């Protein structure tokens, strides 16, 4: 069992709440789980072990994503069936990813993912889907969603990246979905995956339930606000903000790749 050295004092509570507030805002605004914020901050500020931080983050994502889905559903911006198809593919892909993990050169994969993010970031300046665009169910779209879900799950298992970072830009750029539908659908897709992963992590005692509860509760208070902001900003501005967010993730992944090569 991984242990944290953080004491359960007022500082612990305040930091966990602050992390949740930030993660919730980003989750609602960009349709991501918030793990890209939660994990590094838990490691940096509360000295969590990397694995414990990841397990705690996954548990906190469950209530956060649920509030986000409700917020987007109010505006009719959730594609329910496509989200379930994506989730099914992601569950299968995650198993493949964890099987491939000891067999693949992770540093090369990280650089490949950085390249993928660079292409996505550049595309976000060009492709601005209409706010009216939905995600219709056709034979081709179902096949595409299954493939996207599997790829998302594989990358999650290999690199530990959240599904929203892949699903949101893919729905925008490949399926022509509106930014709001892409974000709401992404959040719904995360819920069954996060629940499944959290059950396994609890059994392995790889979750700090107190920290997860604090972060999750705090995140719920700002997720709806983030989702509301997403509905009022211009789609182009939303793309630019998302591009900035992806740039931060790309830099984090590049740093990990460099450190992995040095080792």
Relative contact order [Cα under 8 Å, 6+ residues apart], segment 13-97, whole percent: 23 percent
Percent relative contact order of segment 112-263, based on C-alpha pairs within less than 8 angstrom and at least six residues apart? 38 percent
In degrees from 0 to 90, rounded to the nearest 10, what is the angle of the helix 10-30 Cα long axis to the longest principal axis of the chain? 10 degrees
For the pair residue 8 and residue 51, what calculated FRET efficiency results from E = 1/(1 + (r/R0)^6), where r is the Cβ-Cβ distance and R0 = 25 Å, to the nearest 0.05? 0.80
Choose one answer from 63, 40, 102: the residue with the largest mean-square fluctuation in a GNM of the chain with alpha-carbon springs under 10 Å. 102
How much length is gained if the chain between residue 202 and residue 217 is pulled fully straight, taking 0.36 nm per residue apart and subtracting their Cα-Cα distance, in nm to one decimal? 3.5 nm
Gyration tensor over alpha-carbon atoms, segment 1-141, equivalent ellipsoid semi-axes in Å: 30, 22, 16
Beta carbons within 10 angstrom, averaged per residue: use that to sort the peptides 169-176, 74-81, highest first. 169-176, 74-81
Efficiency by 1/(1 + (r/R0)^6): what FRET value for residue 195 and residue 106, r their Cβ-Cβ distance, R0 = 22 Å, to the nearest 0.05? 0.25
Note the full-extension length gain between residue 99 and residue 118 as 0.36 nm times their separation in residues minus their Cα-Cα distance, in nm to one decimal. 4.1 nm
Using the alpha-carbon atoms, what tilt in degrees (0 to 90, nearest 10) does helix 35-46 show relative to the longest principal axis of the chain? 20 degrees
Rounded if a/c is under 1.5, else prolate if a/b is larger than b/c, else oblate: which is segment 10-262, with a ≥ b ≥ c the root eigenvalues of its Cα gyration tensor? rounded
Place a point 7 Å from the Cα of residue 143 along the Cα-to-Cβ direction; which residues of segment 170-188 have their backbone N under 18 Å from it? 174-176
Give the peptides 191-202, 20-31 in descending order of average Cβ contacts within 10 Å, highest first. 20-31, 191-202
Between the alpha carbon centres of segment 179-196 and segment 230-255 the gap in Å comes to 18 Å
Under the 7 Å Cα-to-Cβ spin-label approximation, residue 73 and residue 174 lie apart by a distance in nanometres of 2.6 nm
For the chain, longest principal axis from Cα atoms; helix 139-159 axis from its Cα atoms; angle between them, nearest 10 degrees, is 20 degrees
In nm, spacing of pseudo-spin labels at residue 18 and residue 131 (7 Å Cα→C-beta vector): 3.5 nm
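Can you tell me the relative contact order of segment 10-262? Whole percent, Cα pairs under 8 Å, sequence separation 6 or more.
40 percent
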Distance from segment 20-98 to segment 133-156 (C-alpha centre basis), Å: 18 Å
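Can you give the calculated 222 nm mean residue ellipticity of the chain, where each DSSP H run of n ≥ 4 adds -39,500 (n - 2.57) and the sum is split over every residue, rounded to the nearest 500 deg cm²/dmol?
Mean residue ellipticity, 222 nm, calculated: -27000 deg cm²/dmol.
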Checking the a/c ratio against 1.5 first, then a/b against b/c, what shape does the Cα gyration tensor give for segment 220-263? oblate
So, by mean Cβ neighbours within 10 angstrom, what's the order for 126-139, 238-251 with the highest one leading? 238-251, 126-139
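Values quoted throughout were computed directly from the atomic coordinates according to the rules given, and no laboratory measurement underlies them. Since we're looking at a predicted model, the values are computed, not measured. When we count neighbours, we look across all protein chains shown, and the Cβ atoms used for this are built from the backbone with ideal geometry, even at glycine.
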